[in-house]
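Enquirer: What follows is a structure written as structure tokens; I'll ask about it next.
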Amino acid sequence: MKARVLISLLVLGAAAGAYWYYSSHRAEQGLVLAGSVESRQVRVGSLIGGRVSAVRIEEGATVAKDQILVELDASLIDPQIQAQESKVAQLRAALQRTERGPRIEDTERARIAWQAAVTDRQRFEALWKDGVIGRRDYDAALVAEATTQQTYLEAQRGNRPEDRAADRAAFEGEQNRLAYLEQQKTELVVRSPAAGVVQAFELRPGDLVGPNQTVASILEAGQLWIRVYVPEPKVNRVRIGQQALVTVDSGHQFQGKVVEIRDHAEYTPRNLQTLDQRMEQVFGVKVAIDPTPELKPGMTAFVHLQEVSAALPRSTP
């Protein structure tokens with residue numbers, strides 16, 4: 001009887017020791033959760049397309065903001081820009097001429113012609129009164145005087161407002177056309193809109209790129225993460241800023257940290273299994289990692305969350 005009691009005590013002690021060892025070992029490991037890699041990528045391209053003349057990057061390269069990725073051939077648009085520049089220059093000169101009106105020399109010439117016509121009219125008037133010439137010759141002198149006077153007055157007033165408005169509209173229209181062509185030329189140089197890592201790129205010189213076609217996908221810093229789901233009984237073990245170790249099937253490991261904990265519980269997604277068991281109520285947790293070519297959206301990953309004290313309050317961003 002005493003032997004049986006002793007054996008029972010030994011078994012219970014061993015079980016308690018195993019349970020203590022397993023619990024402490026699990027505590028050291030922290031939470032281990034399964035999730036999938038997600039990302040928000042920037043897809044860049046050209047609005048007009050063309051033939052690739054130069055490639056400045058490779059897939060997996062780290063690029064800076066406004067760094068040139070691809071250059072397209074500009075041999076077709078350069079002649080159009082040059083012709084449009086000439087047309088704009090001509091219309092600019094025409095507009096300036098219209099706004100300034102007649103030259104001083106032209107106005108002075110009109111004044112002299114009018115004065116000469118006045119002198120002729122006065123002479124013809126005297127001759128007509130003396131009966132030397134007929135009424136017709138005198139009337140012709142009157143018409144010449146009135147015509148030259150009107151020409152002088154027009155030279156003083158300058159061009160009509162309608163003429164100036166028409167020339168200004170023509171100049172601005174062609175100037176806008178030039179700006180449009182120049183903007184098209186800028187589209188031939190594809191630049192990175194932000195700093196990041198090139199995720200997808202397969203172009204080579206000579207390739208044809210269509211309008212609005214994506215030529216490269218860039219993953220910005222902070223735009224790569226893993227979404228995991230923490231069972232409700234364990235959510236108190238997760239904190240904002242908590243360090244994490246991310247492991248993928250290839251064996252590569254990456255450092256990350258918790259940047260978001262959702263406020264509301266939800267049901268576990270059907271395609272997700274935790275290492276322990278599936279539970280009905282879970283909280284979504286976002287673990288951010290630095291962009292790297294080894295991680296692709298959709299890859300399965302395991303997140304090892306470093307254990308933290310449950311006494312600390314949980315916060316959300």
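Enquirer: Which one is nearest to GLN281 (Cα to Cα) among residues in the stretch 214-246 that are β-branched (Val, Ile, Thr) and more than 33 Å from the chain's Cα centre (by Cα)?
Expert: VAL230
Enquirer: Looking at (1) open to solvent by 90 Å² or more (accessible area, probe 1.4 Å); (2) assigned to a loop (DSSP other than H, G, I, E, B), which is the only condition ARG92 fails?
Expert: (2)
For every residue, the table says whether it meets (1) open to solvent by less than 40 Å² (accessible area, probe 1.4 Å); (2) under 30 Å from ARG262 (Cβ atoms); (3) modelled with pLDDT of 90 or more; (4) within 36 Å of the chain's Cα centre (by Cα).
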| residue | (1), (2), (3), (4) |
| --- | --- |
| PRO161 | no, no, no, no |
| GLU172 | no, no, yes, yes |
| LEU178 | yes, no, yes, yes |
| SER192 | yes, no, yes, yes |
| ASN212 | no, no, yes, yes |
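Enquirer: Now for a separate question. Just to be sure, is LYS296 modelled with pLDDT of 75 or more, of a type in the set (Lys, Arg) and not in a loop (DSSP other than H, G, I, E, B)? Lay out the reasoning, then the answer.
Expert: Working: modelled with pLDDT of 75 or more: yes; of a type in the set (Lys, Arg): yes; not in a loop (DSSP other than H, G, I, E, B): no.
No: the conditions fail for LYS296.
Enquirer: Determine, yes or no, whether GLY222 is assigned to a loop (DSSP other than H, G, I, E, B) and surrounded by fewer than 17 Cβ atoms within 10 Å (Cβ to Cβ).
Expert: Answer is no for this residue.
Enquirer: Taking the residues in the stretch 63-80 that are among the β-branched types (Val, Ile, Thr) and buried (at least 16 other Cβ atoms within 10 Å of the Cβ) as candidates, determine which candidate is farthest from GLN175 (Cα to Cα).
Expert: Filtering first and then ranking leaves VAL63.
Enquirer: Give the residue that is nearest to ARG168 (Cα to Cα), with candidates limited to residues of the stretch 100-158 that are among the acidic types (Asp, Glu) and in contact with a Phe, Trp or Tyr (Cβ under 8 Å, 6 or more places away or on another chain).
Expert: Just the residues of the stretch 100-158 that are among the acidic types (Asp, Glu), to begin with: 105-106, 108, 120, 125, 130, 137, 139, 145, 154.
Applying the additional criterion that residues be in contact with a Phe, Trp or Tyr (Cβ under 8 Å, 6 or more places away or on another chain) yields 125, 137, 145.
On the way: GLU125: 47, ASP137: 45, GLU145: 35 Å.
My answer is GLU145.
Enquirer: Something else: Among the residues that make up the stretch 126-136, is at least one of them within 60 Å of the chain's Cα centre (by Cα) and open to solvent by less than 70 Å² (accessible area, probe 1.4 Å)?
Expert: Going through the stretch 126-136, the residues within 60 Å of the chain's Cα centre (by Cα) turn out to be none.
The answer is no; no qualifying residue exists.
Enquirer: Identify, from the list VAL287, VAL308, VAL258, the residue that is modelled with pLDDT under 80 and surrounded by 15 or more Cβ atoms within 10 Å (Cβ to Cβ).
Expert: Criteria check complete, one pass: VAL308.
Enquirer: While we're looking at this one, here's another question. Restricting attention to the stretch 141-159, report how many residues are surrounded by 14 or more Cβ atoms within 10 Å (Cβ to Cβ) and part of a helix (DSSP H, G or I). Working first, answer last.
Expert: Within the stretch 141-159, the first condition is being surrounded by 14 or more Cβ atoms within 10 Å (Cβ to Cβ), and the residues that meet it are 141-142, 144-145, 148-149, 151-152, 154-155, 158-159.
From what's left, part of a helix (DSSP H, G or I): 141-142, 144-145, 148-149, 151-152, 154-155.
Looking only at that region, the number is 10.
Enquirer: If you don't mind, there's one more thing I want to ask. So GLU99 fits all but one of (1) at pLDDT below 85; (2) in a helix (DSSP H, G or I); (3) out of contact with any Asp or Glu (no Cβ under 9 Å at 6 or more places or on another chain); what number is the exception?
Expert: It is condition (3) that GLU99 fails.
Enquirer: Looking only at the stretch 160-198, how many residues end up being under 30 Å from ASP78 (Cα atoms), in a strand (DSSP E or B) and either small (Gly, Ala, Ser) or out of contact with any strand residue (DSSP E or B) (no Cβ under 9 Å at 6 or more places or on another chain) (or both)?
Expert: 0
Enquirer: Can you work out which of the residues in the stretch 44-62 that are modelled with pLDDT of 90 or more and part of a strand (DSSP E or B) is most open to solvent (accessible area, probe 1.4 Å)?
Expert: ARG51
The values are calculated or read from the model by the stated rules, or taken from the named source; none is laboratory data. As the structure is a computational prediction, the values presented were derived from the model and not from experiment. With ideal geometry, Cβ positions are generated from the backbone for all residues, glycine too; neighbour counts draw on all protein chains shown. Note: areas computed on protein heavy atoms with side chains; ligands, DNA, RNA excluded. Shrake-Rupley method; radii C 1.70, N 1.55, O 1.52, S 1.80 Å.
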